[in-house]
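A.B. asks: Below is a structure I'd like to ask you about.
Computed from the coordinates by the stated procedures, all read-outs in this text should not be read as laboratory data. Keep in mind it's a predicted model, so treat the numbers as computed, not measured. Cβ coordinates were reconstructed from backbone atoms using ideal geometry, including for glycine residues, and neighbour counts include every protein chain displayed.
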Amino acid sequence: MGIDDEKLVHVRRGALLHDIGKMGVPDSILLKSGKLTDEEWVLMRKHPALAYELLSPIAYLRDALDIPYCHHEKWDGTGYPRGLKGEQIPLAARLFAMVDVWDALRSDRPYRKAWDEGKVREHIQSLAGTHFDPNVVPIFLELMEKTLRDAQQK
């Protein structure tokens, strides 16, 4: 994807800190076993902006903010917190958005069981061009397939 080693350091930091803004979201929302209400979603959708507010004063983390601040933006502009669209969304955030969805769907949550790999794959593919960058989805899915194949061989 053309990200050099120097920039990968910031991508890694951003990935590790991507949900730090959820520290400002009540546990009653984060751990809820059912669907969130509209009011609860308003609070949940604040976590990227909270992450930005928390991390931006830290000089060495400023280059890592793309992921915590923009990983819920969507290719079609319907995401949050800023409604960025297409290539307005930083590349690191576009890449990480798929990682985040993959991980969320492959993991058990208080409100649902994990999905199987094939279902997650189909879901991500179905969102190419709306939620996800359509140019990045095939690369991501190919990389996931290779990673899973390599893990099975070990």
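A.B. asks: Let me check I've understood the local charge: for Leu143, count other residues with C-beta under 11 angstrom from its C-beta, Lys and Arg +1, Asp and Glu -1. What total comes out?
C.D. replies: Details: positive: Lys146, Arg149; negative: Glu142, Glu145, Asp150.
Result for the neighbourhood of Leu143: -1.
A.B. asks: To continue, here is another question. 5 Å is the cut-off here: which amide hydrogens, built 1.01 Å from N in the peptide plane, fall below it relative to Glu73, excluding neighbours closer than 5 in sequence?
C.D. replies: Tyr80
A.B. asks: Could I ask something else about it? What trypsin sites (Lys or Arg not before Pro) does region 33-142 have in DSSP loop regions with at most 13 other beta carbons within 10 Å? Please list the in-between numbers first.
C.D. replies: Working: sites: Lys35, Arg45, Lys46, Arg62, Lys74, Arg82, Lys85, Arg94, Arg106, Arg112, Lys113, Lys119, Arg121; in loops: Lys35, Arg45, Lys46, Lys74, Arg82, Lys85, Lys113.
When the trypsin sites (Lys or Arg not before Pro) of region 33-142 are filtered for loop state and at most 13 Cβ neighbours within 10 Å, Lys35, Lys113 remain.
A.B. asks: Report the one residue of Gly24, Thr147, Tyr80 whose Cα lies farthest in the direction of the positive end of the charge dipole of region 5-153 (charges on C-beta: Lys and Arg +1, Asp and Glu -1; origin at the Cα centre).
C.D. replies: Comparing the listed Cα positions along the dipole, Gly24 ranks first.
A.B. asks: Working out 0.36 nm times the residue gap between Thr147 and Gln88, then minus their Cα-Cα distance, what length gain in nm do you get to one decimal?
C.D. replies: Details: separation 59, 0.36 × 59 = 21.24 nm, distance 2.88 nm.
Between Thr147 and Gln88, full extension yields an extra 18.4 nm.
A.B. asks: Summarise the long-distance tail of P(r) for the chain by giving the % of C-alpha pairs beyond 26 Å. Show your work: numbers first, answer last.
C.D. replies: Working: 3293 of 11781 pairs.
The calculated P(r) of the chain puts 28 percent of pairs beyond 26 Å.
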